[in-house]
Amino acid sequence: MRTTLAFGAGANSIVKSVGRVFEVLEAFNEVRKPMLATDIAKRLSYPASSTSALLKSMVRLGYLSFDRRDRRYFPTIRIAIVSEYLHGALFGHGSLMALMGDLHSLIGETIILGVRKDLEAQYVHTIPGIYPIMLNVPPGTVRPLHRSGMGWALLSKCDDAEVRALADRVNATGREKPVDYRKLMAILKEVRRLGYARSYGTYVAGSGIIAMSLPGTPHDRQVAVGAGGPVDRLQSREREIVRLMRAAIDRHFGKP
């Protein structure tokens, strides 16, 4: 049963916008499937206009995903990260956090968990590297899907038609250098063949990443993990890092 939050004045009241965020998340926990904005508004008795504004804000913050094809919303893996941390503190680490900790201990470079956020790859969790010179990227950092190692790892699981649609959308915005679809597909074919993406100085000069996609849930499939650091160190250790990442992913998620 959904808990009704008390809004209004007084010491025990709850700020309306904050309360509604949690009511939306609780609604997904009850329904356990993607929902239209109208479904959410009706279920929670919210005005349509404020529901739309709230959901768009939650998407921008990375807590909800929005499928442009069927217009439905669903919580992102960022929610799982928060709950998994709490679960780990109380009952022991969950698989994602355990995987990242394992990779950090084995590799020593900055370990990054990335998800797709529309046209971008967003870093939702990071563990800084152990070296004096290391890649320093805070959670929330975004990179273009079509022009980053993490983005290529995420896109490698998409079919060619979806990649074409993404390239068309990026080109339509006019904010980025036009995407060459054939060049992008050549990169993704190599990623699919190798089983990992490598980006050396593509987005930030001198820095790079080696990234692999992870098994995911049906509604939030595009998740990847990467090891980032200085280009020269990653290049010299590429085979070793790939071997360690594959073995760790197999241990925590099982072989595909």
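The values are calculated or read from the model by the stated rules, or taken from the named source; none is laboratory data. All figures in this text were calculated on a predicted structure; none of them were measured in a lab. We place every Cβ from the backbone using ideal geometry, glycine too, and count neighbours over all the protein chains shown. Accessible surface is based on the protein model in full, side chains and every heavy atom, while ligands, DNA and RNA are left aside. Shrake-Rupley method; radii C 1.70, N 1.55, O 1.52, S 1.80 Å.
In table form, for the structure just shown:
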| quantity | calculated |
| --- | --- |
| Selected residue [without any contact (Cβ under 8 Å) to a residue 60 or more places away in the chain, of a type outside the set (Lys, Arg) and in contact with a His (Cβ under 8 Å, 6 or more places away or on another chain)] from Leu188, Leu184 | Leu184 |
| Extreme residue, most open to solvent (accessible area, probe 1.4 Å), among residues of the stretch 110-134 that are in contact with a Leu (Cβ under 7 Å, 6 or more places away or on another chain) and in a loop (DSSP other than H, G, I, E, B) | Leu119 |
| Sole exception among (1) touching a helix residue (DSSP H, G or I) at 6+ places or on another chain (Cβ under 9 Å); (2) at pLDDT below 80; (3) not basic (Lys, Arg) for Gly10, by number | (1) |
| Set Ser83, Ser105: member being open to solvent by 20 Å² or more (accessible area, probe 1.4 Å), at pLDDT 90 or above and assigned to a helix (DSSP H, G or I) | Ser105 |
| Answer from Lys56, Lys42 - the residue that is open to solvent by 20 Å² or more (accessible area, probe 1.4 Å), under 27 Å from Leu119 (Cβ atoms) and basic (Lys, Arg) | Lys56 |
